[in-house]
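Enquirer: Attaching a single structure in structure tokens format; questions to follow.
The values are calculated or read from the model by the stated rules, or taken from the named source; none is laboratory data. As the structure is a computational prediction, the values presented were derived from the model and not from experiment. FYI the Cβ positions are ideal-geometry reconstructions off the backbone, even for glycines, and counts take in every protein chain you see. Please note that ligands, DNA and RNA were not included when accessible areas were found on the heavy atoms of the full protein model with its side chains. Shrake-Rupley method; radii C 1.70, N 1.55, O 1.52, S 1.80 Å.
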Amino acid sequence: MIASTIRKAVIAALWLAFLTFPLMVVKVNTLKDLVEWRWINLAWVLYSGFFASLVWQVLYQYRKTKKADDEDDPSLQGLSLGDRLMVSLKDPYVLVLLFALAYFVGLYPLVSFEFWRWSCKIALAVLAAKLAYKLFLVKKVRSCSAVMKESPLSKPILFAVLGIAVIYFPFSVDSYQVNIMVLALIYVVLGLGLNITVGLAGLLDLGYIAFFAVGAYTYGLLNTHFGLDFWICLPLGGLIGTFFGVLLGLPILRLRGDYLAIVTLGFGMIAHQVLTNWTDVFKGNLGIHKIERPGFFGMEMDLAQATTYTYFLVVLLVIGTIFVTNRLKDSRIGRAWMALREDEIACVAMGIDMARTKLSAYAFGAFWAGTVGVIFAARNTSINPNSFTFLESAIVLSIVVLGGMGSIFGVIIAALVMMLMPEYLRDIGEYRWLVFGAVMVLMMIFRPQGLIANQRRTYKYEGAKGEES
Amino acid sequence: MEKLLDVRGLTMDFGGLRAVDNVSLEINKGEIVALIGPNGAGKTTFFNCTTGIYTPTGGDVVIHPPGEAEVRINGMKPNRITTLGMARTFQNIRLFPAMTVLENVMIGRHCRTSTDIIGAILRGPNTKKQEKETIEKSYALLEKVGLDHLANEFAKNLPYGAQRRLEIARAMATDPFLLLLDEPAAGMNPQETKELDELIVRIAREEGISILLIEHDMKLVMNISERIYVMEYGKLLAYGPPEEIKNNPKVIEAYLGEEAVHA
Ligand SMILES: Nc1ncnc2c1ncn2[C@@H]1O[C@H](COP(=O)(O)OP(=O)(O)O)[C@@H](O)[C@H]1O
Ligand SMILES: [Mg+2]
């Protein structure tokens with residue numbers, strides 16, 4: 001077992017080194033006609049590959065044998081300390097931490113002493129904490145959510161803290177940060193909107209950003225040509241988004257799975273092409289400029305104030321979206337959407353009108369994209385087709401998938417992480433997309449249900465309680 | 001006698017294959033009727049044609065909802081047919097796996113309720129009332145099939161026999177006057193089959209829902225059905241009361257004979 005694990009890890013490391021050899025080790029200097037051999041990189045690849053493979057194997061093994069999430073670890077109860085240690089050493093997290101520690105310890109000749117010392121310290125501390133927890137705290141602390149459910153006060157307190165944080169945020173940071181947060185929140189709304197189409201109704205949509213573009217251009221065009229106010233355009237953007245949702249929804253009613261994905265991908269592309277090439281109307285790549293920011297009873301606002309104002313607008317929209325999605329989720333309509341996702345044939349055989357249900361899910365998702373598109377245009381004051389490419393569709397879809405299909409809270413977290421991470425990872429430059437890709441792959445392998453799995457509401461039966469017991 | 005379902009000369013072709021060939025069948029109010037036949041005889045296809053999953057190549061399917069005018073339902077969408085009052089279960093269980101047991105049944109109430117998107121968002125008194133009724137009715141149905149203690153489980157976590165009963169409860173939630181059950185006892189042990197047997201009779205007697213049943217379990221079929229139709233190679237081989245069918249030489253040869261030999 002151990003020997004085969006190590007053998008596999010060695011093979012994986014060698015293979016990785018072989019694959020990356022031309023890239024990592026050989027460097028041709030064309031000016032001096034020299035070939036540089038960077039052997040130190042080979043050591044890095046072998047060493048890191050070996051440990052990565054170990055971690056991978058442990059996690060993979062764990063995934064295969066994993067049982068239901070149990071609150072207490074019964075295997076540890078009533079064992080002596082020594083036995084507990086042995087059991088703990090089989091715990092995947094402990095193992096991974098051990099590997100991490102070994103990895104950092106072994107880095108000694110390769111990195112600066114400061115870095116070495118700190119990474120070792122951190123790895124050791126985490127490992128010690130985990131082990132102590134395993135050894136001395138057999139009964140797990142009840143999970144946060146259980147405590148939340150039991151205490152009647154915890155919810156209002158949580159909301160109060162959250163509310164204060166949300167209100168305080170724009171005044172505690174500079175307007176650049178606020179502006180980024182506005183964009184992140186816009187993607188929260190997009191994520192929640194697409195969550196209806198993809199997460200609840202199961203209709204894969206790869207061109208969702210087109211509806212976002214519809215909203216943005218609705219405001220952009222109406223404002224610059226006819227001087228229409230933000231507040232008039234906000235509902236208009238939503239309505240026109242919905243209209244296009246229905247329009248595009250009609251031809252895809254009969255499609256499913258891969259076909260649906262490809263057709264919606266095509267819609268997204270078409271939208272982008274129209275925006276780019278119909279220059280008379282949409283001004284092509286130049287885009288539309290001098291769009292007004294949202295007004296507040298004609299008050300004069302400087303840039304920072306306007307940003308803060310936009311921030312609160314989009315916060316309100318997020319709250320509205322959460323509220324509405326939450327209500328729909330546990331309603332006749334939401335259940336029909338989910339049934340559609342689960343099994344189309346059973347769904348129609350149970351009397352649900354498939355065409356109507358699909359259209360409503362598609363159009364309702366489009367509604368949010370259209371609405372928030374207006375805010376996007378108002379935030380940027382200028383828009384061009386480059387904000388509405390396939391990449392944006394893919395990002396919104398990733399938000400939904402990473403957050404956990406159908407789960408509102410998960411989608412919010414995922415949207416914030418996805419949109420804020422690139423900003424704060426700027427230090428590592430283009431590698432952030434690499435990190436992003438790796439995170440996606442790992443998530444899909446080890447937690448395919450997303451960050452927060454969608455939970456179904458449980459109903460309490462109140463009628464005829466007496467007879468029951 | 002009041003005819004509920006009247007199928008005349010139903011024919012269904014798949015390319016060159018005639019899966020159902022000129023089959024006629026009728027069901028009267030309060031009856032339990034069985035449709036039997038060897039595998040591949042075309043029974044499930046017959047169900048799919050009468051419930052709108054397939055549009056039959058030929059023939060007429062007419063239903064007479066009690067107290068309403070008769071309707072020819074060939075080519076009608078499945079959801080329309082279910083709304084008219086004919087519900088079904090599936091041979092290969094088709095539940096909504098990632099929804100709870102109760103929610104599965106609540107889906108059956110969809111066509112009898114009317115909350116729209118706006119209503120669901122506002123959640124006014126009417127919506128609340130409807131939702132409450134939906135929950136209560138669904139729960140009562142779960143009690144009837146003996147699954148109320150599992151109401152908040154995910155449907156996919158139920159054992160096989162319970163899944164079959166859940167499908168029946170879900171179909172009953174659509175308030176049907178006629179229930180079509182496709183091999184409801186498949187994969188059940190004798191004890192479960194016996195309970196199912198009782199359940200079906202209870203549905204017919206107490207709820208006044210007529211039943212058309214595809215089944216392989218001969219004992220169950222002979223016990224509870226008033227009339228039996230036998231299909232083979234897409235054609236109707238014989239029909240009549242159980243006693244007659246039992247002694248029909250053609251049926252014995254085609255179907256029961258097989259059983260008799262194995263028994
Ligand atoms: N969708 C379909 N396409 C083509 N052939 C089908 C289809 N459905 C059923 N058949 C064929 O019709 C015949 C009858 O099948 P079926 O109705 O499932 O039989 P039963 O339910 O009596 O076992 C079989 O030969 C089957 O292969
Ligand atoms: Mg069959």
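Enquirer: Placing +1 at every Lys and Arg Cβ and -1 at every Asp and Glu Cβ, with all other atoms neutral, what dipole size does the protein assembly as shown have around its Cα centre, in debye to the nearest 20?
Expert: Using Cβ point charges on Lys, Arg, Asp and Glu, the protein assembly as shown gives about 1840 debye.
Enquirer: A further question follows. Count, for each residue of B:109-115, the Cβ atoms from other chains sitting within 10 Å of its Cβ, then give me the mean as a whole number.
Expert: Rounded to a whole number, the mean comes out at 4.
Enquirer: Same structure again: Amide H of residue B:4 versus every other amide H placed in the peptide plane: which residues, excluding those fewer than 5 positions away on the same chain, fall under 5 Å?
Expert: Those qualifying (amide H under 5 Å, at least 5 residues apart or on another chain) are B:27, B:28, B:29.
Enquirer: Mind computing the radius of gyration and Dmax over the alpha-carbon atoms of region B:145-263? Å is fine for both.
Expert: Reported Rg and Dmax, both Å: 15.8, 50.
Enquirer: Additional query: Using 10 Å bins from zero, what percent of all Cα-Cα pairs in region B:13-101 falls into each bin?
Expert: Here the calculated profile for region B:13-101 is 13, 44, 33, 10, 0.
Enquirer: If you don't mind, another one. Mean residue ellipticity at 222 nm from the helices of chain B, using -39,500 (n - 2.57) per DSSP H segment of n ≥ 4 over the full residue count, to the nearest 500 deg cm²/dmol?
Expert: Helices in chain B give a 222 nm mean residue ellipticity of -11000 deg cm²/dmol.
Enquirer: So for region A:214-371, what are the equivalent ellipsoid semi-axes in whole Å, largest first, each being the square root of 5 times an eigenvalue of the Cα gyration tensor?
Expert: Equivalent-ellipsoid dimensions as semi-axes: 34, 22, 11 Å.
Enquirer: Among DSSP beta bridges lying fully in chain B, give the percent that are antiparallel, nearest 5.
Expert: Here the share of antiparallel DSSP bridges comes out near 55 percent.
Enquirer: Moving on to the next point. Mind giving me the FRET efficiency for residue B:189 and residue B:132? R0 is 25 Å, r the Cβ-Cβ distance, nearest 0.05 is fine.
Expert: Using R0 = 25 Å, I get an efficiency of 0.10.
Enquirer: State the extension gain, in nm to one decimal, for the chain segment bounded by residue A:255 and residue A:229, taking 0.36 nm per residue of separation less the distance between their alpha-carbons.
Expert: My answer for the length gained is 5.5 nm.
Enquirer: Each label point is 7 Å from the Cα along the Cα-to-Cβ direction; what then is the distance between the points at residue A:52 and residue A:161, in nm?
Expert: Between residue A:52 and residue A:161, the simple spin-label model gives 3.7 nm.
Enquirer: Heavy atoms only, probe 1.4 Å: what % of the accessible area of region B:96-175 goes to carbon and sulfur, would you let me know?
Expert: Ligands and nucleic acids excluded, carbon and sulfur give 54 percent.
Enquirer: Got a sec? What order do A:302, B:217, A:205 fall in by accessible area at 1.4 Å, biggest, i.e. largest, first?
Expert: A:302, B:217, A:205
Enquirer: Quick one, can you get me the convex hull of the C-alpha atoms of the protein assembly as shown expressed as volume per residue in Å³?
Expert: Per residue, the Cα convex hull of the protein assembly as shown comes to 267 Å³.
Enquirer: May I ask for the net charge around residue B:144, where only other residues with Cβ less than 10 Å from the Cβ of residue B:144 are counted and Lys, Arg are +1 while Asp, Glu are -1?
Expert: Here the charged neighbours net out to -2.
Enquirer: Let me ask something additional. Using a probe of 1.4 angstrom, how much of the accessible area of chain A is carbon and sulfur, in percent?
Expert: Answer for chain A: carbon and sulfur cover 70 percent of the accessible area.
Enquirer: Enter the mean number of other protein chain beta carbons within 10 Å of the beta carbon of each residue in B:131-143, as an integer.
Expert: Taking all residues of B:131-143 together, the mean is 3.
Enquirer: Residue farthest toward the positive end of the dipole of the protein assembly as shown, with Cβ of Lys/Arg at +1 and Asp/Glu at -1: which of A:206, B:247, B:135?
Expert: Checked the options; the winner is A:206.
Enquirer: Given the rule -39500 (n - 2.57) for each run of at least 4 DSSP H residues, summed and divided by the residues of chain A, what is its mean residue ellipticity at 222 nm, to the nearest 500 deg cm²/dmol?
Expert: -23500 deg cm²/dmol
Enquirer: Let me ask another. For chain A, with every protein chain kept in place, what is the accessible area per residue (1.4 Å probe, Å²)?
Expert: 54 Å²
Enquirer: Kindly state, to the nearest 0.05, the FRET efficiency for residue B:80 paired with residue B:250, given R0 = 41 Å and r defined as their beta-carbon distance.
Expert: After rounding, the FRET efficiency stands at 0.65.
Enquirer: When only C-alpha pairs under 8 Å and at least 6 residues apart count, what is the relative contact order of chain A, in percent?
Expert: Averaging sequence separation for qualifying contacts and normalising by length gives 20 percent for chain A.
Enquirer: Please work out the FRET efficiency for the pair residue A:326 and residue A:382, using the Cβ-Cβ distance as r and a Förster radius of 35 Å; give the result to the nearest 0.05.
Expert: 0.55
Enquirer: Given labels modelled 7 Å from the Cα in the Cβ direction, how far is it in nm from residue B:205 to residue A:108?
Expert: 8.4 nm
Enquirer: Tell me the relative contact order for region B:96-175 as a rounded percent, counting alpha carbon contacts under 8 Å between residues six or more apart.
Expert: Answer for region B:96-175 is 54 percent.
Enquirer: Let me ask something additional. Report, in listed order, any pair from A:134/A:155; A:358/B:29; A:329/B:137; A:358/B:129 with a Cα-Cα distance greater than 24 Å.
Expert: The answer is A:134/A:155; A:358/B:29; A:358/B:129.
Enquirer: Could you tally the net charge around residue B:212, taking each other residue with its Cβ under 14 Å from the Cβ of residue B:212, Lys/Arg +1 and Asp/Glu -1?
Expert: -2
Enquirer: Here's something else I'd like to know. If we count every other residue with Cβ under 10 angstrom of residue B:161's Cβ, Lys/Arg +1 and Asp/Glu -1, where does the sum land?
Expert: The answer is 0.
Enquirer: Need one number: % antiparallel among DSSP beta bridges in the protein assembly as shown, to the nearest 5.
Expert: 60 percent
Enquirer: So, one more: Based on the alpha-carbon gyration tensor of region B:96-175, what equivalent-ellipsoid semi-axes (square roots of 5 times the eigenvalues) come out, in whole Å, largest first?
Expert: Largest first, region B:96-175 gives 24, 12, 10 Å.
Enquirer: Report the longest stretch of chain A that contains none of the chymotrypsin sites (Phe, Trp or Tyr not before Pro) sitting in a DSSP loop with at most 12 other Cβ atoms within 10 Å.
Expert: Here the longest run is A:1-277.
Enquirer: Using protein heavy atoms only (no ligands, DNA or RNA), what is the total accessible area buried between B and A, 1.4 Å probe, nearest 100 Å²?
Expert: Chains B and A together bury roughly 3500 Å² of accessible area.
Enquirer: Would you please state the base-10 log of I(q)/I(0) at q = 0.10, 0.12, 0.15, 0.17 1/Å for chain B, with intensities from the Debye formula using one equal scatterer on every alpha carbon?
Expert: After summing over all Cα pairs, the log10 values are -0.51, -0.73, -1.12, -1.38.
Enquirer: How large is the translational diffusion coefficient of region A:304-415 in µm² per second when you combine the Kirkwood radius over alpha carbon pairs with Stokes-Einstein at 20 °C and 1.002 mPa s?
Expert: 134 µm²/s
Enquirer: Quote to one decimal, in nm, the extra length available between residue B:91 and residue B:233 on full extension: 0.36 nm per residue of separation minus the C-alpha distance between them.
Expert: 49.3 nm
Enquirer: Still on this structure, I have one more. Pop out the ³J(HN,Hα) list for region A:247-254 in order, Karplus 6.51 cos²θ - 1.76 cosθ + 1.60 with θ = phi - 60°, rounded to Hz; leave Gly and Pro as x.
Expert: 4, 7, x, 4, x, 9, 4, 8
Enquirer: List every residue whose amide H lies under 5 Å from the amide H of residue B:36, counting only residues 5 or more places away in sequence or on a different chain, with H placed 1.01 Å from N in the peptide plane.
Expert: Amide H neighbours of residue B:36: B:229, B:230, B:231.
Enquirer: In region B:1-35, which residues have a backbone nitrogen under 16 Å from the label point lying 7 Å from residue B:57's Cα in the Cα-to-Cβ direction?
Expert: Only B:9-24 pass the distance filter.
Enquirer: Output ³J(HN,Hα) for region A:274-279: one whole-Hz value per residue in order, computed from phi by the Karplus curve 6.51 cos²θ - 1.76 cosθ + 1.60 with θ = phi - 60°, and x for Gly and Pro.
Expert: My calculation for region A:274-279 gives 4, 4, 6, 9, 8, 5 Hz in order.
Enquirer: Can you run phi through the Karplus equation (6.51, -1.76, 1.60; θ = phi - 60°) for region A:91-102 and list ³J(HN,Hα) in whole Hz, with x for Gly and Pro?
Expert: 5, x, 5, 4, 4, 4, 5, 4, 4, 4, 4, 4
Enquirer: May I ask which residue of A:407, A:244, A:177 lies farthest towards the positive end of the charge dipole of chain A, with charges of +1 (Lys, Arg) and -1 (Asp, Glu) on Cβ and the Cα centre as origin?
Expert: The residue sitting farthest along the positive end of the dipole is A:407.
Enquirer: Which residues belonging to region B:152-193 lose at least 20 Å² of 1.4 Å-probe accessible area when the assembly is complete, relative to their chain isolated?
Expert: Buried by 20 Å² or more upon assembly, which counts only protein chains, are B:152, B:154, B:170.
Enquirer: In addition: In whole percent, what relative contact order does chain B give with Cα contacts below 8 Å and a gap of six or more residues?
Expert: Relative contact order, chain B: 26 percent.
Enquirer: In terms of modelled amide H atoms, which long-range or inter-chain residues lie less than 5 Å from the amide H of residue B:211?
Expert: Under 5 Å from the amide H of residue B:211: B:31, B:32, B:33, B:179.
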